[in-house]
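In what follows, a structure is listed as structure tokens, so that the remarks can point back to it.
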Protein chains: 2
Amino acid sequence: MSSIGIVSPQSMHFAAPLKLQSGAQLADYTLVYETYGTLNAERSNAVLVCHALNASHHVAGMYVGDPKSVGWWNNMVGPGKPLDTERFFVIGVNNLGSCFGSTGPMHRNPATGNPYGAAFPVVTVEDWVAAQARLADALGIEQFAAVMGGSLGGMQALAWSMMYPARLRHCMVIASTPKLSAQNIAFNDVARQAILSDPDYRGGDFYAHGVVPKNGLRVARMVGHITYLSNDDMAEKFGRKLRNAAATADYKFDFGIDFEIESYLRYQGDKFSEYFDANTYLLITKALDYFDPARAFDGDLKAALANTEAEFFVASFSTDWRFAPERSREIVQALVSNRRRVTYAEIDAPHGHDAFLLEDARYMNMVRAYYQRIWDATPGKEQA
Amino acid sequence: MSSIGIVSPQSMHFAAPLKLQSGAQLADYTLVYETYGTLNAERSNAVLVCHALNASHHVAGMYVGDPKSVGWWNNMVGPGKPLDTERFFVIGVNNLGSCFGSTGPMHRNPATGNPYGAAFPVVTVEDWVAAQARLADALGIEQFAAVMGGSLGGMQALAWSMMYPARLRHCMVIASTPKLSAQNIAFNDVARQAILSDPDYRGGDFYAHGVVPKNGLRVARMVGHITYLSNDDMAEKFGRKLRNAAATADYKFDFGIDFEIESYLRYQGDKFSEYFDANTYLLITKALDYFDPARAFDGDLKAALANTEAEFFVASFSTDWRFAPERSREIVQALVSNRRRVTYAEIDAPHGHDAFLLEDARYMNMVRAYYQRIWDATPGKEQA
């Protein structure tokens, strides 16, 4: 099992306008993507990997001259890895509205000549999937062996199975949910309010002012990060450890840092505010909030999934309180009611929501075994 | 069962300096308090009620001409109520550092002549209790029938039992914890960072600038509020209801308010930022973070509670994820190991942490029954 090595992103421009769920449209747009492995002659071995909140098309491998630039799912995707790039042709694509290359708020709005800023249209999971489908068209991929994602990425996989039932043989939905709860939305709104009320947000046009709403982004990331970790894991890793580990250390009796957990979270927040775009954060939290495929069916998830054709792999993690196992079970139940073939894994893992990104033998083995099954049934695989 | 009627706050000035846990001292200070009922001749029927984060000395009754000014535990304290003011002499006291009357950051710092602002010393639960004990001295109360509190108020009750073991016959600790978890601290730090990074905080001296860090306070309150409610309760009350309840209502595709839960939280945040002091919020979250009586005993809560003499009433609520029942059970276990007499109630209630403030027949009956027991054993009660 080796790493995928040096990769480089590609981009594709789409000149035809994209009509969005909101009614708005993007006149044209660019998607940035990466591919790993080789598309076979039958074009039957393609796997689309959808990214979550703060990730991108850079799923695996690293960029030349930058050994730290390892892809976000490098433990999952590569030669001999659970999603084996010696078998599958894997595509990672950056979503619209992102700040990592695909058309987003920091890009030029053709209508004004200035950056979109807050005028970038609110995009949904379904909009992303529609844009991804055009990329698949352009790459000549009529049907994916699998579409796979964790968290918000899992929502995209689920949306694929409903919007383009014939275009994927397997749908892999990990640590996800059929819709956000009130509590999920509440945390997202805290993050949004932190950003929107930062004076440096400047109504979304901060680019023109040479400022960045770092304080807002920082708080947004801190609160988000708490929801990614499990209570137990946080207790174990940080507990009430003081940052100053000396045995004689005492409380500092000021508003600086006393506890390790404060240091960790502030560091995460600071780092995030250095590279992430505030408008993108707002857009992505809205895409999360709006995702609710059962909504058009009076809340009936079974009805929403009735026209799916894929086989499903659904996985959840015991200590994930952001999208708890119950939420995955809702999906499984709706699929089973539709007599779809479903593999469901509820993995006992300590790392909360973040577990879907982390090394865990049981989890990785489940995914590996599932891809083995996909591979065994892949038409024309010998030609790869 | 009637309400307690019109009440009015009193205040007491303490000219002797108060040495604080931090090593700093307050040269002098004032405590604002209210009393309900009548102290009996034996001075044996006094109950101290300690307040939590955003409450005050105004526990019950209302102020003249302001029928909306109902005390925060008016359902608990009054004639014929669980804590019956026809039997007990109840004291509510505002803590040091608060913004509701007792000496706090907005008051004049005798060292500078200006408001304390961020220079107000960081106070701890133990500091509050020491100040409360002086008030008890001044009121001639040598021993309380009970000291009682919920959440942060419960920590004060617990501290009373350790700091002044002979001064309370009963210690009532509701919806509380022997110490904050990493996750608890993390949420507090998000709130602090939201306030500290608001440009209107001005290093704590916003009073002099005629501004208030409302945005920071608002976000702080929003995130705090999420932790007071249970996930289930939020799902039931708000779910994914849109604020515009029309059947044809659709998402708004902007960063305004789509969901009821957003409207509710923003309203709570706005309201809070109108009346609460930012420096007080910082101070109180630090008092929460620092509370850890077992710390001086190498983490051994049993040892910390070894010198207590009171009988204990401990209660927790099934859906409270801020201070979950496990946290109360830690207290109970340490007390039982010390062979203390403990009544423990784990109440199955849907309302999360906030349950300790709300009407719930089982909860109220438990408290009522416990006070009946206290009353039955109150020396000299016939004279009341």
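All conditions in (1) at pLDDT 95 or above; (2) more than 21 Å from A:Gly203 (Cβ to Cβ) hold for B:Ser273, with the sole exception of (2). Listed by first and then second residue, the pairs with beta-carbon distance under 7 Å, at least 6 apart or on different chains, first residue in the range B:27-48 and on the phi > 0 side of the Ramachandran plot, second among the hydroxyl-bearing types (Ser, Thr, Tyr), are B:Gly37/B:Thr85.
Checking each residue in the range A:218-230 for being among the β-branched types (Val, Ile, Thr) and within 8 Å of another protein chain (Cβ to nearest Cβ) picks out A:Val219, A:Val223, A:Ile226.
Within the range B:2-54, the set of residues being within 14 Å of chain A (Cβ to nearest Cβ), open to solvent by 10 Å² or more (accessible area, probe 1.4 Å) and not in a loop (DSSP other than H, G, I, E, B) comprises B:Lys19, B:Gln25. Filtered by the rule that a residue be over 16 Å from B:Thr35 (Cβ atoms) and either out of contact with any Ser or Thr (no Cβ under 9 Å at 6 or more places or on another chain) or not small (Gly, Ala, Ser) (or both), the range B:73-86 gives B:Asn75, B:Pro82.
Residue pairs whose Cβ atoms lie under 8 Å apart, separated by 6 or more positions or on different chains, with the first residue in the range B:357-370 and in the same structural domain as B:Ala52 (by the TED database) and the second open to solvent by 50 Å² or more (accessible area, probe 1.4 Å), are B:Leu357/B:Trp72; B:Leu358/B:His351; B:Asp360/B:His351; B:Arg362/B:Asp348. Given (1) at negative phi; (2) within 14 Å of chain A (Cβ to nearest Cβ); (3) more than 14 Å from the chain's Cα centre (by Cα), identify the lone condition not met by B:Thr124. Only one criterion is unmet by B:Thr124, namely (3).
Every condition in (1) over 26 Å from B:Ala182 (Cβ atoms); (2) out of contact with any Lys or Arg (no Cβ under 8 Å at 6 or more places or on another chain) holds for B:Asp348 except the one numbered (2). Against the test of being open to solvent by 50 Å² or more (accessible area, probe 1.4 Å) and of a type in the set (A, V, I, L, M), the options B:Val59, B:Val70 yield a single qualifying residue, B:Val70.
Kindly indicate whether any position in the range B:349-369 is part of a helix (DSSP H, G or I) and at positive phi.
Scanning the range B:349-369, I find at least one residue that is part of a helix (DSSP H, G or I) and at positive phi, so the answer is yes.
Could you check, for the range B:192-199, whether at least one of its residues is buried (at least 21 other Cβ atoms within 10 Å of the Cβ), farther than 30 Å from A:Gly352 by Cα and at the interface with chain A (Cβ under 10 Å from one of its Cβ atoms)? Looking for residues that are buried (at least 21 other Cβ atoms within 10 Å of the Cβ), farther than 30 Å from A:Gly352 by Cα and at the interface with chain A (Cβ under 10 Å from one of its Cβ atoms), one finds at least one in the range B:192-199, hence yes.
When residues in the range B:231-268 are screened for being part of a helix (DSSP H, G or I) and either facing chain A (nearest Cβ under 7 Å) or of a type outside the set (Gly, Ala, Ser) (or both), 15 of them pass.
Of the strands (runs of 3 or more DSSP E) lying entirely inside the range B:78-180, those containing at least 2 residues that are closer than 24 Å to B:Glu311 by Cα and open to solvent by 10 Å² or more (accessible area, probe 1.4 Å) are B:168-174.
Within the range A:207-223, track down each residue that is open to solvent by 10 Å² or more (accessible area, probe 1.4 Å) and touching a residue at least 12 places away in the same chain (Cβ under 8 Å). It would help to see each step written out before you state the result.
First pass over the range A:207-223, keeping only residues open to solvent by 10 Å² or more (accessible area, probe 1.4 Å): A:207-212, A:214-215, A:218, A:221.
Answer for the range A:207-223, where residues must be open to solvent by 10 Å² or more (accessible area, probe 1.4 Å) and touching a residue at least 12 places away in the same chain (Cβ under 8 Å): A:Tyr207, A:Ala208, A:Val212, A:Lys214, A:Asn215, A:Arg218, A:Arg221.
Checked against (1) buried (at least 19 other Cβ atoms within 10 Å of the Cβ); (2) under 17 Å from A:Glu126 (Cβ atoms); (3) of a type in the set (Lys, Arg), A:Arg322 meets all criteria but (2).
Does the range B:330-343 hold any residues that are surrounded by fewer than 21 Cβ atoms within 10 Å (Cβ to Cβ) and touching a Leu at 6+ places or on another chain (Cβ under 9 Å), and which are they?
So in the range B:330-343, the residues surrounded by fewer than 21 Cβ atoms within 10 Å (Cβ to Cβ) come out as B:330, B:332-333, B:336-343.
Residues satisfying the conditions are B:Glu330, B:Gln333, B:Ser337, B:Asn338, B:Arg340, B:Arg341, B:Val342.
Of the residues screened, B:Val190 is not one that is modelled with pLDDT of 95 or more, assigned to a loop (DSSP other than H, G, I, E, B) and of a type in the set (Val, Ile, Thr). Among the residues of the range B:302-329, the ones that are touching a residue at least 24 places away in the same chain (Cβ under 8 Å) and either part of a loop (DSSP other than H, G, I, E, B) or farther than 26 Å from B:Ile374 by Cα (or both) come to 12 in all. For residues in the range A:269-301 being surrounded by fewer than 17 Cβ atoms within 10 Å (Cβ to Cβ) and part of a loop (DSSP other than H, G, I, E, B), which is nearest to the other protein chains (Cβ to nearest Cβ)? So, considering only residues that are surrounded by fewer than 17 Cβ atoms within 10 Å (Cβ to Cβ) and part of a loop (DSSP other than H, G, I, E, B), the one nearest to the other protein chains (Cβ to nearest Cβ) is A:Gly299.
The values are calculated or read from the model by the stated rules, or taken from the named source; none is laboratory data. Computed from a predicted model, the values in this text were never measured in an experiment. Note that we place each Cβ from the backbone using ideal geometry, even for glycine, and neighbour counts take in every protein chain shown. Heavy atoms of the whole protein, side chains included, go into the accessibility calculation; ligands, DNA and RNA do not. Shrake-Rupley method; radii C 1.70, N 1.55, O 1.52, S 1.80 Å.
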